[in-house]
1. Out of the residues in segment 31-42 that are exposed (fewer than 14 other Cβ atoms within 10 Å of the Cβ) and either under 19 Å from A89 (Cα atoms) or of a type in the set (S, T, Y) (or both), state the one that is modelled with the highest pLDDT.
2. Quick one: in segment 80-102, of everything that is of a type in the set (S, T, N, Q) and in a strand (DSSP E or B), which residue is farthest from F68 (Cα to Cα)?
3. Tell me which residues, restricted to segment 139-152, are in contact (Cβ under 8 Å) with a residue 24 or more places away in the chain and surrounded by 14 or more Cβ atoms within 10 Å (Cβ to Cβ).
4. May I ask you to list pairs of residues, at least six apart or on different chains, whose Cβ atoms are under 6 Å apart, with the first in segment 24-47 being closer than 23 Å to D74 by Cβ and β-branched (V, I, T) and the second being exposed (fewer than 15 other Cβ atoms within 10 Å of the Cβ) and modelled with pLDDT of 95 or more?
5. What number of residues in segment 53-102 are closer than 16 Å to H122 by Cα and among the β-branched types (V, I, T)?
6. State all residues of segment 103-152 that are of a type in the set (D, E, K, R) and either part of a loop (DSSP other than H, G, I, E, B) or in contact with a Lys or Arg (Cβ under 9 Å, 6 or more places away or on another chain) (or both); if no residue qualifies, say none.
7. Residues D136, D74: which one is exposed (fewer than 14 other Cβ atoms within 10 Å of the Cβ) and of a type in the set (D, E)?
8. Please verify whether segment 52-68 includes one or more residues that are outside any strand (DSSP E or B), more than 21 Å from G100 (Cα to Cα) and among the aliphatic types (A, V, I, L, M).
Amino acid sequence: MITDQTTDGLAKALTQQEIDTLKTFYGLFSKRDYSVIEQILAPDWQDIPLGPDQQDGPAGYKVLVQGFTEAFPDVIVNVHEIFGTHERAGVRAEMVFTHGNEFMGIPPTNQKLTIAIHEFHHLKNGRLEKTWHLEDWLTMLLQTGAWPAKSN
């Protein structure tokens, strides 16, 4: 059931504030201005699924992003597409970074990796309330030579 409709039955478009919130969310990886996290994430924001050892909410996301950017200082997220309707958005993006540190048990390869990201967001009052995400870690395994696993 679509609840955010105009009087003509068509869904409302994403607002500029919602688009700006999404751009800020992905820009955290390159800009590293963590002070904006409380402005773009609701206090009870849900990240689904949580990363390994990630705590709930904005504070958990801050620690996650800080850890990733410390491990991979050149990481950037390129947003290819933002689409959706008022309070509901989908994003197609990619994360690009040099694999200069061990990650997910894979020794550093010093290769530039590109990982596709597909996410869906619920927004309210210009802030993210829920984010469902899917990263293409299989491609990372292929790019690093970690898969298929070598038999001994």
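1. Filtering segment 31-42 for residues that are exposed (fewer than 14 other Cβ atoms within 10 Å of the Cβ) and either under 19 Å from A89 (Cα atoms) or of a type in the set (S, T, Y) (or both), the one modelled with the highest pLDDT comes out as Q39.
2. T85
3. T139, M140, L141, Q143, T144, A146
4. Matching pairs, first to second residue: T24/V36.
5. 3
6. E119, D136, K150
7. None of the others qualify; the one that does is D74.
8. Scanning segment 52-68, I find at least one residue that is outside any strand (DSSP E or B), more than 21 Å from G100 (Cα to Cα) and among the aliphatic types (A, V, I, L, M), so the answer is yes.
The values are calculated or read from the model by the stated rules, or taken from the named source; none is laboratory data. From a predicted model like this one, the values you see are computed outputs, not experimental measurements. Quick reminder, even Gly has a Cβ in these numbers, built from the backbone with ideal geometry, and neighbours come from all protein chains shown.
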